[in-house]
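Take a look at the structure below.
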Amino acid sequence: MSATPIATGRSTSGIPTGRLAVWWVIASEIVIFGGLLISYIMHRLAHGNWAEQAAHTSTWVGAFNTLVLLSSSLSAVLGHKAADAGDGKKAAKMLYITAFGALTFVCVKAAEWTFEISHGYTITSSTFWSFYYTAAGLHALHVIAGAIIMLIVAQAAKRNQHLNRVELIGLYWHFVDLVWIFLFPLLYIAK
Amino acid sequence: MAEAAVPALHDEQHHEQSFGQKYLWSTDHKMIAMQYLFTGMLMALVGGFMAYAFRMQLAFPGMDVPFYGIVSASEYNALVTNHGTIMIFWVAMPVLLAAFGNFLIPLMIGCDDMVFPKVNRLSYQIFLLSAVVILGSLFVEGGGFAGAWTAYPPLSAKAEYSQTPLGSSLWLVAVALEFVAFLLGGINFITTTMNSRAPGMKFYDIPMVVWMIVIASVLFLVSVGPLIAGAMMLFMDQNVGTAFYDPDRGGDPILWQHLFWFFGHPEVYVVMLPAVGITADVICVFARKKLFAYKTVLYTAFGTGVLSFTVWAHHQFIAGIDPRMAHIFTVTTLLISIPIAEMIFVYIATLYGGSIRLTTPMLWALAFIAEFLIGGVTGIFLGASGADIYLHDTYFVLAHFHYMFYPIAIIGTFAGIAHWFPKMFGRMMNETLGKIHFWLTVIPFNVIFIPLFILGLAGQHRRIYDYTNFPELAIQPLQDLRVLATVALLVMLGAQLIFLYNFFSSMFKGKKAGKNPWNATTLEWTTESPPPHGNWAELPTVYRGPYEYGNPDREDDYWPQNEPV
């Protein structure tokens, strides 16, 4: 209906508007996960016996998913590099690889949860499992949402449109990655 | 707003708009501000009506309340819960933060719109949805949520306690949607102010009200996250069967109190700072004087923001927290009164030696300072853990709270509306009606809540449907105070009809305002009233600070920000 306002193109702070906004989005997400994880840590410290429950999580599956997510961040960085060089096609390809990493992550997660639920470890089994499914579930929702946005950005990047958005989704992806870096030791390694 | 003047620049895209495009589907920041303002005003009527219903029950227990009927005990709980929720999240937030933020930020920093107009529109739409959900929750089976606006578990988590299985969940969904709306809006406010200021506008040239709205948005963004996580956990406790807050099954109900108040206390400052900012701008214009110690006010606001994250447990002094911890929170709570007191002194210093004009907006601004002072001073009693053990959960807390929020959400808002109405609608409000409305709002406000302080000191605890069952509280002198407060409420609510009449009749029939009816210096007064789409035909450049009044070298007593030397 209306053209982009002049305001959107201004950059008084010297930081491009899109990047600035993504950082603020990330700031708001940090406190959401921060609140959840601090609640978990406080509980965990108060209940030594949760370790018995945590012993039933699979460190190896978690480690594999960590590897998948970290690798997908690499392709996001390569996509950003390609976008900076003006190569939209290559940037799109890198984003598709990243999204494939996201898909792998979610599939592994689904298989892992199916296994755990079928062995009786459900979200209502104990407060540890409640935190386990809630925190990892919220993170998985971010992975899925990030992957969908990534595909939309890649569609445009393929036609060399909105190449700056490749960097923005990359920033967000690193954040999603970083959350997992906290979740993995807290939910899987600490036993 | 209907006959907005249209500049040649945007003419071709503007005149073809249908009603829906212009009023419902607009991305223009001014229209979104109006949507927030009118939704907020509508919700204020709902919240006010709720207060009317439950105050009538308290003054005349068992009475058949006109326009409502008999208030049952469970309805009473739902009414107080939703009165609090609606007044904070659907009146104070949308009007002070979203309506004024949307309207003022682009106009005061000299750009044509928000940086993300579509995100802005989405923000309002989610907000509207949240308002529909909270209103709808009042009519579902079991009635609206009745577990108090703080939603402490287990009352909020277990349907067998609250008796409102659906109402509780819908309440939570509505609040969560509202948070999303304000996160989107807040990111827009912050980014716009950081990146889209007019050329020449440095940090210290930004009008104080814009600063305050931006700082409030940052505070909201940083504090709300843990509560979003907490709300998610509460929702799962309600609907999935988890036990995050259930001590029988390994959870902890105090966790919710921490998460809620970690947000809840900064939230006080989220709505307070915009009102403080509005007051700063209004008193400078009508005292014809530069804001005393601009930088001090700004740094004080930063300090308040940081400190506001360290005081939350003063809401939990009797919740079983460690008394040593209570001491620490007493100290931080008393500390935070210092910056607030400082702001009040700065405003008084601004007034000192000014040529004060007692227009309606100025009366509201002065009332804000005076009434807010009472709220602040009574807070000191509650912040000290020793005194709080007696006063906790009495009407003293309730009266203190309303002496904070009423000046913020009602008096501050009226100051803002009276001041910027000419810019919003291009016409002046009637001053005589405005002053009558002012006195009939501010005097009854004190007559409502001073008796409640006394009742609280007498030991009247909150959230009680009917005091006749408490022999020590059912005595006649105390009942007289309850009746007095209720009668004052009726007067105050009636006076709002004067405002509504003044507002809507002035919108269409008021005196034409012209560009700058108050001879003010900030940028919004340099464009047409109401501002056209795109705000200015040519965007302004800034040459000086926002409050250049009474410069001895100049003929006019004001020096607009955009005027070259």
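Read-outs throughout are calculated quantities, based only on the coordinates presented, and are distinct from any laboratory measurement. Because the structure is predicted, anything quoted here is derived from the model rather than measured. Because the Cβ atoms are built from the backbone with ideal geometry, glycine has one as well, and the counts that use them run over all protein chains shown.
Below, the figures for the structure above:
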| item | result |
| --- | --- |
| Theoretical FRET efficiency, 1/(1+(r/R0)^6), r = Cβ-Cβ of B:Lys509 and B:Ile436, R0 25 Å, to 0.05 | 0.90 |
| Dipole magnitude of the range A:18-189, debye to nearest 20 (Cβ charges: Lys/Arg +1, Asp/Glu -1, about Cα centre) | 620 |
| In Hz, Karplus ³J(HN,Hα) per residue of the range B:556-561 (6.51, -1.76, 1.60; θ = phi - 60°; x = Gly, Pro) | 6, 8, 9, 9, x, 4 |
| Selected from A:Val143, A:Val22, A:Val179 as most flexible by GNM, with chain A as the system and alpha-carbon contacts under 10 Å | A:Val22 |
| Distant-in-sequence amide H partners of B:Val65 (H built 1.01 Å from N, under 5 Å) | B:Ile70, B:Val71 |
| Compactness of chain B - radius of gyration and Dmax, Cα, Å | 23.5, 75 |
| Inter-chain Cβ neighbour average for residues B:108-115, partner chain, 10 Å | 5 |
| Two-decimal log10 I(q)/I(0) for the range A:25-109, as the Debye equation yields it once each C-alpha is a single scatterer, q = 0.20, 0.24 Å⁻¹ | -1.02, -1.09 |
| GluC sites (Glu not before Pro) restricted to the range B:478-556 and DSSP loop, no more than 11 other C-beta within 10 Å | B:Glu538, B:Glu555 |
| For B:Arg427, distant residues with modelled amide H under 5 Å away | B:Ala513 |
| Cα lying deepest toward the dipole's positive end in the protein assembly as shown, options B:Ile86, B:Ala365, B:Trp518, charges on Cβ | B:Trp518 |
| Shielding by other protein chains, B:284-293, mean Cβ within 10 Å | 0 |
| Vicinal HN-Hα couplings computed from phi for the range B:209-221 (Karplus, 6.51 cos²θ - 1.76 cosθ + 1.60; Hz; Gly/Pro x) | 5, 5, 3, 5, 5, 5, 4, 4, 5, 5, 4, 4, 4 |
| Exposure proxy order (Cβ contacts within 10 Å, fewest to most) of B:His315, A:His119, B:His437 | A:His119, B:His315, B:His437 |
| Backbone HN-Hα couplings from phi across the range A:184-191 [Karplus 6.51/-1.76/1.60, Hz, Gly and Pro as x] | 4, x, 5, 9, 10, 6, 5, 10 |
| Residue-averaged [θ]222 nm for chain A, counting only DSSP H segments that reach four residues, each worth -39500 (n - 2.57) | -27000 deg cm²/dmol |
| Calculated diffusion of the protein assembly as shown, Stokes-Einstein form, Kirkwood radius summed over Cα pairs, 10 °C and 1.306 mPa s, µm²/s | 57 |
| Amide H contacts under 5 Å for B:Tyr549, placed H, 5+ residues apart | B:Lys290 |
| Gap separating the Cα centres of the range B:370-432 and the range A:97-164, nearest whole Å | 45 |
| Extreme residue, positive dipole direction of the range A:18-189, given options A:Phe131, A:His47, A:Asn160 (C-beta unit charges) | A:Asn160 |
| Farthest positive-ward along the range B:190-344 dipole, Cα basis, beta-carbon charges - from B:Thr242, B:Tyr299, B:Ala313 | B:Tyr299 |
| Sites matching chymotrypsin sites (Phe, Trp or Tyr not before Pro) across the range B:51-97 that sit in DSSP coil, with at most 14 neighbouring C-beta atoms within 10 Å | B:Phe67 |
| The range B:24-526, relative contact order [Cα under 8 Å, separation at least 6], % | 15 |
| Packing-based ranking, highest mean first, of B:454-465, A:87-98 given that Cβ atoms within 10 Å are counted | A:87-98, B:454-465 |
| Ellipticity estimate at 222 nm from DSSP helix runs (n ≥ 4, -39,500 (n - 2.57)) divided over chain B, nearest 500 | -20500 deg cm²/dmol |
| Averaged over A:119-127, number of beta-carbon atoms from partner chains that fall within 10 Å | 3 |
| Nearest-20 debye value, the protein assembly as shown charge dipole, Cβ charges on Lys, Arg, Asp, Glu | 1140 |
| Hydrodynamic radius by Kirkwood, which averages 1/r over all alpha carbon pairs of the range A:18-189, in angstrom | 16.9 |
| Cβ charges +1 (Lys, Arg) and -1 (Asp, Glu), total dipole of chain B, debye | 740 |
| Tail weight of P(r) past 22 Å, computed on alpha-carbon pairs of the range B:181-320, percent | 50 |
| Using alpha-carbon coordinates, inclination of helix B:360-383 to the longest axis of chain B, degrees | 30 |
